[in-house]
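Enquirer: Have a look at the structure that comes next, please.
The values are calculated or read from the model by the stated rules, or taken from the named source; none is laboratory data. Keep in mind the model is a prediction, meaning the values are calculated, not measured. We place every Cβ from the backbone using ideal geometry, glycine too, and count neighbours over all the protein chains shown.
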Amino acid sequence: MTDMPLGAPGQRSVLRSLWQTQRVWLASATILAALAVFDPLQAAESAVFAVGALLNTAPFLILSIAIAAWAGATGADNLIAKAFSGTPLLMIGLGALAGGISPFCSCGVIPLIAALLAMGVPLSAVMAFWLASPIMDPSMFVLTAGVLDLEFAVAKTLAAIGLGLFGGTVVHLMMKGGAFADPLREGVGNGGCGGAKMRAPRPVVWRFWADADRRAKFGKTALSTTLFLAKWLMLAFVLESLMLAWIPAETITEMLGGDGLVPIATATLVGVPAYLNGYAALPLVGGLIEQGMAPGAGLAFLVAGGVTSIPAAMAVWALAKREVFAVYIGLSLSGAFASGLLFQLWTSMT
């Protein structure tokens with residue numbers, strides 16, 4: 001049997017299949033390989049940063065993966081879906097509140113979001129949770145109060161919940177017009193058409209480990225979710241490391257000074273590419289405010305950057321169809337600007 005000629009149709013088909021199934025891993029490897037050639041030190045720093053970030057988020061990821069796999073294996077996912085089948089506005093409110101106070105980071109919430117959408121939970125309620133979750137959690141509240149002040153921490157919490165309410169309501173109205181019937185990408189959860197329809201009821205078996213089929217489903221779901229998260233988060237953290245290395249904090253400082261609407265709008269837009277992470281951004285904003293930046297601009301930067309940070313945005317891109325991603329970004333920016341403007345009006349009156 002002769003070797004296949006280079007560039008033969010069969011070989012091209014294999015390469016095409018490899019790219020389609022492993023393109024995210026290949027993208028990360030290509031970036032690191034290029035860095036190793038042109039900037040070996042940055043390649044090592046990016047690799048260490050990505051691995052460290054994955055380890056830091058591992059506890060939340062493991063918990064959320066286990067919850068998603070457990071819900072599917074036991075059949076409890078139908079109970080969760082039924083809990084979200086009430087009044088849409090109430091579900092949006094609960095989603096926004098849960099996102100604003102939950103301890104899950106933007107990465108750890110990914111399997112929960114995929115599971116909720118696959119269960120048939122309306123995208124409006126899920127979007128409320130999705131938008132609020134990256135902005136605030138209990139540890140972030142404490143740190144924000146310490147680095148900035150309590151008023152700013154409360155404002156950021158209200159902004160998280162408010163953005164969730166705003167986004168969920170907008171998506172609900174769009175869904176009433178026929179949009180987002182199939183929010184998930186093919187191959188995620190139930191795939192596209194299964195992402196917005198309630199499954200047929202089935203019995204719940206809490207002791208799922210006693211059933212071989214349910215044990216197998218738990219393991220399969222946990223493994224597939226872990227591999228899905230690992231490839232996307234590795235790419236996200238590699239890109240984030242380059243952003244931190246190549247966008248000096250001084251550049252951000254120069255762009256965000258001043259008062260009025262322009263700094264708030266600028267902070268909203270700059271927060272998209274320049275956001276560091278929830279914890280590293282706080283001292284930067286504190287320094288900018290000390291140098292004269294309006295508090296409203298600082299809040300807009302934190303809100304916009306939190307929701308559109310590379311890990312959070314790539315999570316949406318990986319799970320949802322492009323139109324959902326576009327709406328997510330639009331809601332993030334408009335909500336961040338509104339939050340900054342309202343906070344600026346509040347501080348000017350007090």
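Enquirer: Return the total of residues in segment 234-276 being modelled with pLDDT under 75 and in a helix (DSSP H, G or I).
Expert: Looking only at that region, the number is 15.
Enquirer: Further question: Out of all the residues in segment 121-143, is one or more assigned to a helix (DSSP H, G or I) and free of Cβ contacts under 8 Å to residues at least 24 places away in the same chain?
Expert: yes
Enquirer: A further question follows. Residue under question is Ala68, and the condition is that it be closer than 29 Å to Pro122 by Cβ and at pLDDT below 80; does it hold?
Expert: Against the criterion (closer than 29 Å to Pro122 by Cβ and at pLDDT below 80), Ala68 qualifies.
Enquirer: Of all residues in segment 109-131, count the ones that are among the β-branched types (Val, Ile, Thr) and at pLDDT 75 or above.
Expert: Number of matching residues: 3.
Enquirer: Out of Ala44, Ala53, Ala33, report the one residue that is crowded, with 20+ Cβ neighbours inside 10 Å, in a helix (DSSP H, G or I) and either modelled with pLDDT of 75 or more or touching a His at 6+ places or on another chain (Cβ under 7 Å) (or both).
Expert: Numbers: Ala44 fails: crowded, with 20+ Cβ neighbours inside 10 Å; Ala33 fails: crowded, with 20+ Cβ neighbours inside 10 Å.
Step by step, each of Ala44, Ala53, Ala33 is checked, and only Ala53 is crowded, with 20+ Cβ neighbours inside 10 Å, in a helix (DSSP H, G or I) and either modelled with pLDDT of 75 or more or touching a His at 6+ places or on another chain (Cβ under 7 Å) (or both).
Enquirer: Checking Leu299 against (1) surrounded by fewer than 24 Cβ atoms within 10 Å (Cβ to Cβ); (2) modelled with pLDDT of 80 or more, only one condition comes out false. Which one?
Expert: Exception for Leu299: condition (1).
Enquirer: Given (1) surrounded by fewer than 17 Cβ atoms within 10 Å (Cβ to Cβ); (2) modelled with pLDDT under 65, identify the lone condition not met by Asp77.
Expert: For Asp77, the exception is condition (1).
Enquirer: Also: So, Ala304, is that one at pLDDT 85 or above, part of a helix (DSSP H, G or I) and of a type in the set (A, V, I, L, M) or not?
Expert: Against the criterion (at pLDDT 85 or above, part of a helix (DSSP H, G or I) and of a type in the set (A, V, I, L, M)), Ala304 qualifies.
Enquirer: Would you confirm, using the coordinates I've provided, whether Leu143 is closer than 16 Å to Pro295 by Cβ and surrounded by fewer than 21 Cβ atoms within 10 Å (Cβ to Cβ)?
Expert: So Leu143 fails the test.
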